[in-house]
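Read the structure below first, then the notes.
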Amino acid sequence: MARTSSVITAELVCTDLSAGSWEEVLDALSDRLLAQGMVRDSFPEAVKVREREFPTGLPTAEVGVAIPHTDPEHVLHAGAALATLARPVRFKLMGNPDEEVEVELVIMLAVRSAKDQIGILQRLVDAFQVPGLLRRLKEERDPAVLADMLGRILEGPDPNGSCGCGCCCG
């Protein structure tokens, strides 16, 4: 059942984004967050600086993912933007910037506190373990459906114990 997320809407989703570099992907998602009034003008450059210093590319069994984010001082309202990429884009590997990962799914976070950031990243990593979830996100074409799926993950488990992904358990 669809629900309205407080952290991501269809306007913050890009499907089949064509980009030649990770910088272009980050610019496209930053532009969406700016247009929705969720981040400060300093956000686009700050997220690129942080990605250079602390890369966020993650190899997974299904789809390479990146989770770019930056310091809360650049964020006005918590949220996220999502891009599925038309072609994989190389991101540096989290924890080992000498290696790269071919990324097809990018989830840009706009978080208001370091504490929130840790919880959100943990929920994402947990959701990435759900078989088929990343492939389903990558293949979905409807921005509203993608916003709903990601919103459920980011907002966490529901009172009935569902993991929140909307795929495997409700």
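Looking at Leu26, Leu76, just one residue is open to solvent by less than 30 Å² (accessible area, probe 1.4 Å) and hydrophobic (A, V, I, L, M, F, W, C), and that residue is Leu26. On the basis of being farther than 21 Å from Gly151 by Cβ, touching a Pro at 6+ places or on another chain (Cβ under 8 Å) and modelled with pLDDT of 95 or more, does Arg50 make the cut? So Arg50 passes the test.
The set of residues from the stretch 101-154 being over 25 Å from Val49 (Cβ atoms), in a loop (DSSP other than H, G, I, E, B) and β-branched (Val, Ile, Thr) comprises just one member, Val130. Per the listing Val145, Val111, Val130, the residue uniquely at pLDDT 90 or above and within 22 Å of Leu34 (Cβ to Cβ) is Val111. The condition (being of a type in the set (Asp, Glu), more than 20 Å from Glu140 (Cβ to Cβ), out of contact with any strand residue (DSSP E or B) (no Cβ under 6 Å at 6 or more places or on another chain) and assigned to a helix (DSSP H, G or I)) is satisfied by just one residue among Asp27, Asp98: Asp27.
Checking the stated criteria, Ser21 turns out to be more than 15 Å from the chain's Cα centre (by Cα) and polar (S, T, N, Q).
Quick one: is Arg141 open to solvent by 30 Å² or more (accessible area, probe 1.4 Å), of a type outside the set (A, V, I, L, M), under 14 Å from Leu17 (Cβ atoms) and over 11 Å from the mean Cα position of the chain (by Cα)? In short, yes.
Please tell me if Leu109 is closer than 23 Å to Ala144 by Cβ, within 14 Å of the chain's Cα centre (by Cα) and surrounded by 15 or more Cβ atoms within 10 Å (Cβ to Cβ). Yes; evaluated as a whole, the condition is true for this residue.
The values are calculated or read from the model by the stated rules, or taken from the named source; none is laboratory data. Here the structure is a predicted model, which is why all the values come from computation and not from measurement. Reconstructed Cβ throughout: ideal geometry from the backbone, glycine too, with neighbour counts over all protein chains shown. Just so you know, the surface numbers come from the protein's heavy atoms only, side chains and all, with ligands and any DNA or RNA stripped out. Shrake-Rupley method; radii C 1.70, N 1.55, O 1.52, S 1.80 Å.
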